[in-house]
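The values are calculated or read from the model by the stated rules, or taken from the named source; none is laboratory data. Remember, it's a predicted structure, so these values are computed and weren't measured experimentally. Virtual Cβ from ideal backbone geometry, glycine too; neighbours counted across all protein chains shown.
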Amino acid sequence: MKAEEFKTEKQILNGIDLELSTYKIGDEYYCHVSNLNPGATIARAGGKTRDEAVNIALDKVKQRLQ
């Protein structure tokens, strides 16, 4: 299968610059969150909708950056 609806956006969370990449494979949406400096992956998540995948991934980020 091929990734569709690829989108990237930047966000700041607790003073940390993040890049969120979202895409769809089949019927599932995925979100990959990375720290812009040094570019490390912080969290990944999947969901039935783009918003669900983003919310799950950001919840993981908040837990990991405490």
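Go through the range 1-14 and give me each residue that's under 18 Å from Asp59 (Cβ atoms) and loosely packed, with under 13 Cβ neighbours inside 10 Å. Reasoning before the result, please.
Just the residues of the range 1-14 that are under 18 Å from Asp59 (Cβ atoms), to begin with: 9, 11-14.
Glu9, Ile12, Asn14 - these are the residues of the range 1-14 that are under 18 Å from Asp59 (Cβ atoms) and loosely packed, with under 13 Cβ neighbours inside 10 Å.
Would you say Leu18 is of a type in the set (A, V, I, L, M), out of contact with any strand residue (DSSP E or B) (no Cβ under 6 Å at 6 or more places or on another chain), crowded, with 17+ Cβ neighbours inside 10 Å and modelled with pLDDT of 95 or more? So Leu18 fails the test. Taking the numbered list (1) without any contact (Cβ under 8 Å) to a residue 12 or more places away in the chain; (2) hydroxyl-bearing (Ser, Thr, Tyr); (3) buried (at least 16 other Cβ atoms within 10 Å of the Cβ) in turn, Tyr29 passes all entries but (1). Has the range 32-44 got at least one residue that is touching a residue at least 12 places away in the same chain (Cβ under 8 Å) and under 19 Å from Lys2 (Cβ atoms)? The answer is yes, given that some residue of the range 32-44 is touching a residue at least 12 places away in the same chain (Cβ under 8 Å) and under 19 Å from Lys2 (Cβ atoms). When the range 47-62 is examined, which residues are found to be closer than 15 Å to Lys7 by Cα and assigned to a strand (DSSP E or B)? Once the filter is applied, which keeps residues that are closer than 15 Å to Lys7 by Cα and assigned to a strand (DSSP E or B), the range 47-62 yields nothing.
Take the residues in the range 33-54 that are exposed (fewer than 15 other Cβ atoms within 10 Å of the Cβ) and touching a Ser or Thr at 6+ places or on another chain (Cβ under 9 Å), then tell me which one is nearest to Thr22 (Cα to Cα). Across the range 33-54, the extreme among qualifying residues is Thr41.
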